[in-house]
Structures are given as structure tokens and as C-alpha cells.
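Inspection log for the structure reproduced underneath, given as C-alpha cells.
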Amino acid sequence: MRTNLRKNPGQPGDLPESRERLSGVAAMLAEAAASGLNETFHATVHDLADTIERKDPYTGGHTKRVMSYSLAIGRSLALSDMDMINLKLAAILHDLGKIGISDEILQKNEELSLDEFRHMMMHTTYGAELLNHINHLKDVIPGVRYHHEKYDGSGYPEGLKGKGIPIIARIIAVADTFDAITTDRPYRKGLSFDSACRELKESAGSQFDPDVVDAFLTAYSAIGINSTYKR
């Protein structure tokens, strides 16, 4: 099934309204980045993240939490200053491509069907394409494009495996999943933080990079990641 999912992801971005949204966002980012990564650019990035969250009412605060978790992992792994900057931007922008996904799918009150999930998968590709022509963000793209890859090669969009997955994507994968499984949804209740940590440990080596999971758990113990990170 995983191969078919990658080969047949669906094309919601071919809809006129999706193309219009994606084109508008690309122009906005390009204009903001034209003068470098200044305050205007960062304000635009945060505004886009807020716009995405308004499209999906069940993930309020998700972007800020994923950024916080990602940076905690990055510090635990002793990433360089430049890698931390790229990680922060990629974490903020990791769901950027959801601009091209229909509200009907994003706001569905139950689990997605297989076809709907194929559409949803396209958000990683759309996000990367939006950033592709902005030179300042070339090192941010891997975190946006590959944060749904899995350590055993069963993820998407390309089925990358192990250390072949860029480090910022491996970090965001853990942060994104942790927030997702600890957040309530209409069709299921979120796990407690401790239960979610156990799930991460059980998935280390299959879904996640074991070193990244260890770094998250180290940060979890050291800085007391807790309900203050939640909305």
C-alpha cells in the first residue's frame, strides 16, 4: 500500500482555487524574502502559519508547539547555529503546503478515507514547491518536504530511509507526531505526554531516528516539556 500511496497521491492542487491560493502564497513569500530574512519576512512566515491553522481548527497552536519541540531536540543534538535557524523556519513552515489542500479535507470531523489521505499527502510537495524559488530558503526545504518520511523507508513523498532523511526532517517528524498524538481529535482523545513518549520509544528505529527520539526524551526530562506547551 505504501508504494501505491506514493505513486498515486492525488492532485488537489490542480483545482483552480488551489492553484490560485498556491500562486498567491508563493508571490507573498518571494516578495517578503526579496530583501533577506528580515523582520518583514519572519512576520510573513508567522502570518502564513496562522492562516494554515485557521484552515484546520483542530490543530490550534500546533505550529508553535512543533517549533518548540523541534528546537528542544536541536539543542539536545547540539546542532550548529545555522542548522537551528533552518530548523526553526522549517518547523514553522512544515505545513505550508496545506494552503493547497481543500478545507473539506482539513476540517473533516472523522478519519480520512484512503483517497482523502492521498490528497493530504500532497501538502509536503506543495510546501516544498512554494519555497523552491526562494534562494534564502533552500536549506529549509528538506524539513518541509521530508518530515513525513519514516526511518524504515515507508514514509512519503519519496520513501527515503535512515540517515538519508535530512536531519531537520527527522527532528520535525518526531516533534510533529508527538504533538499530533497528544492533541484531542473528534474521533480520538490525545494521549498523555508520558504515554506519547512511550510510543515514540516503541517506534524508534522504524518510524523515527532513534538518536532523535533519545534527544527528545533527554529534552523532555531536562526542560520538563509538559502541558504548558499545549494551548
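The values are calculated or read from the model by the stated rules, or taken from the named source; none is laboratory data. In this text the structure is predicted, and so the values were computed from the model without any measurement. We place every Cβ from the backbone using ideal geometry, glycine too, and count neighbours over all the protein chains shown.
Quick notes on this structure:
- Candidate set: the stretch 1-53, residues that are small (G, A, S) and outside any helix (DSSP H, G or I); chosen: the one modelled with the highest pLDDT: A34
- Any hit, the stretch 118-132, residues being among the acidic types (D, E) and either buried (at least 20 other Cβ atoms within 10 Å of the Cβ) or modelled with pLDDT of 95 or more (or both): no
- At least 3 residues being under 17 Å from the mean Cα position of the chain (by Cα) is the threshold, and among the helices (runs of 4 or more DSSP H) wholly inside the stretch 84-197 those reaching it are 114-131, 141-145, 167-181.
Yes/no matrix, rows are residues, columns are (1) among the small types (G, A, S); (2) buried (at least 16 other Cβ atoms within 10 Å of the Cβ); (3) in contact (Cβ under 8 Å) with a residue 60 or more places away in the chain:
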| position | (1), (2), (3) |
| --- | --- |
| G153 | yes, no, no |
| A173 | yes, yes, no |
| R188 | no, no, no |
| S195 | yes, no, no |
| L200 | no, yes, no |
| Q207 | no, yes, no |
| A222 | yes, no, yes |
